[in-house]
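K.L.:
Okay, here's the structure, questions in a sec.
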Amino acid sequence: MEQVMWLVLGVTVMGASVRAGRSSRARIVARVALGTLFLFFGAMVNAIYLITDRDSFAAFGEMSQFAFVRDTWGSLVTPNTGFFIGLLIAGEATAGLLVLSGGRRLEAGLVLLMPFHVGLLFFGWWLWLYAVPMLGALVLLLRAQRQHPSGHARPPGV
């Protein structure tokens, strides 16, 4: 179920971000979809997995195309799953809340989500299919937000 929601909400964020520079409605749609994605289908789902299926996190690191990532994940993250996945959950929840808050907090949330998506690139080629377009969407949404911080275009020269 969560994979379907990642796909649906991710595609929604990407599509709305393309139009965000011209449409306040698209900015809102992108913001709500992105915030929902990270707050509920990131933080909440990972919290549920941490409680019910802690071992599932070990497999995530094993998918990496890089030996140093697999080795580090296996030696550092897997034995300390509660701590590191707890940090992940806190980060996803924080980013989701910041994005949903709008305004300057939205900008902060978008900036926080960029390195998160760059980090995903180390965990398997298939994540490139999601992370690269999402990085583009985050940049477009941040640019649109900075151009229209209150829903209106900034005056020239500002």
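K.L.:
Counting only residues that are free of Cβ contacts under 8 Å to residues at least 40 places away in the same chain and surrounded by 17 or more Cβ atoms within 10 Å (Cβ to Cβ), which one in region 27-48 is farthest from Gln147 (Cα to Cα)?
P.N.:
Selected residue: Phe41.
K.L.:
Something else now. Scan region 18-41 for residues that are of a type in the set (Gly, Ala, Ser), assigned to a helix (DSSP H, G or I) and either at pLDDT below 95 or more than 23 Å from Ile89 (Cα to Cα) (or both) and jot them down. Full working, then the answer.
P.N.:
From region 18-41, those of a type in the set (Gly, Ala, Ser) are 20-21, 23-24, 26, 30, 33, 35; that's our starting set.
If we keep only those that are assigned to a helix (DSSP H, G or I) as well, we get 24, 26, 30, 33, 35.
If the condition is that a residue be of a type in the set (Gly, Ala, Ser), assigned to a helix (DSSP H, G or I) and either at pLDDT below 95 or more than 23 Å from Ile89 (Cα to Cα) (or both), then Ser24, Ala26 are the ones that fit.
K.L.:
Further, regarding this structure: I'm told Gly82 meets every condition in (1) in contact with a Lys or Arg (Cβ under 8 Å, 6 or more places away or on another chain); (2) part of a loop (DSSP other than H, G, I, E, B); (3) surrounded by fewer than 13 Cβ atoms within 10 Å (Cβ to Cβ) except one. Can you identify the failing condition by its number?
P.N.:
Gly82 satisfies all of (1) in contact with a Lys or Arg (Cβ under 8 Å, 6 or more places away or on another chain); (2) part of a loop (DSSP other than H, G, I, E, B); (3) surrounded by fewer than 13 Cβ atoms within 10 Å (Cβ to Cβ) except (2).
K.L.:
Sticking with this structure for a sec: Looking at Ala153, is it more than 22 Å from Leu9 (Cβ to Cβ), at pLDDT below 95, in a helix (DSSP H, G or I) and not basic (Lys, Arg)?
P.N.:
no
K.L.:
Of the residues that sit in region 106-125 and are more than 11 Å from Leu34 (Cβ to Cβ) and in contact (Cβ under 8 Å) with a residue 24 or more places away in the chain, which one is surrounded by the fewest Cβ atoms within 10 Å (Cβ to Cβ)?
P.N.:
Taking region 106-125 first, the residues more than 11 Å from Leu34 (Cβ to Cβ) are 107-108, 111-112, 114-125.
Subset that is in contact (Cβ under 8 Å) with a residue 24 or more places away in the chain: 107, 111, 114, 116, 122-125.
Details: Glu107: 17, Val111: 13, Met114: 14, Phe116: 18, Phe122: 17, Phe123: 20, Gly124: 17, Trp125: 10.
The selected residue is Trp125.
K.L.:
So which of Gly10, Gly15 ends up being under 16 Å from the mean Cα position of the chain (by Cα), free of Cβ contacts under 8 Å to residues at least 60 places away in the same chain, assigned to a helix (DSSP H, G or I) and over 13 Å from Val99 (Cβ atoms)?
P.N.:
Exactly one of Gly10, Gly15 is under 16 Å from the mean Cα position of the chain (by Cα), free of Cβ contacts under 8 Å to residues at least 60 places away in the same chain, assigned to a helix (DSSP H, G or I) and over 13 Å from Val99 (Cβ atoms), namely Gly15.
K.L.:
If you take the residues in region 50-68 that are more than 20 Å from the chain's Cα centre (by Cα), under 18 Å from Gly119 (Cα atoms) and not small (Gly, Ala, Ser), which one is surrounded by the fewest Cβ atoms within 10 Å (Cβ to Cβ)?
P.N.:
So the residue we want is Phe68.
This table checks each residue for (1) under 22 Å from Ser17 (Cα atoms); (2) of a type in the set (S, T, N, Q); (3) touching a Pro at 6+ places or on another chain (Cβ under 8 Å).
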residue: Gly35; (1), (2), (3): yes, no, no
residue: Asp53; (1), (2), (3): no, no, no
residue: Glu62; (1), (2), (3): no, no, no
residue: Asp71; (1), (2), (3): no, no, no
residue: Ser101; (1), (2), (3): yes, yes, no
residue: Leu142; (1), (2), (3): yes, no, no
residue: Arg146; (1), (2), (3): yes, no, no
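K.L.:
In addition: Would you confirm whether any residue within region 97-105 is within 20 Å of Thr12 (Cα to Cα), of a type in the set (D, E, K, R) and part of a helix (DSSP H, G or I)?
P.N.:
For region 97-105, residues within 20 Å of Thr12 (Cα to Cα), of a type in the set (D, E, K, R) and part of a helix (DSSP H, G or I): absent.
The values are calculated or read from the model by the stated rules, or taken from the named source; none is laboratory data. Keep in mind it's a predicted model, so treat the numbers as computed, not measured. A quick note on method: Cβ atoms are made from the backbone with ideal geometry, for glycine too, and the neighbour counts reach across all protein chains shown.
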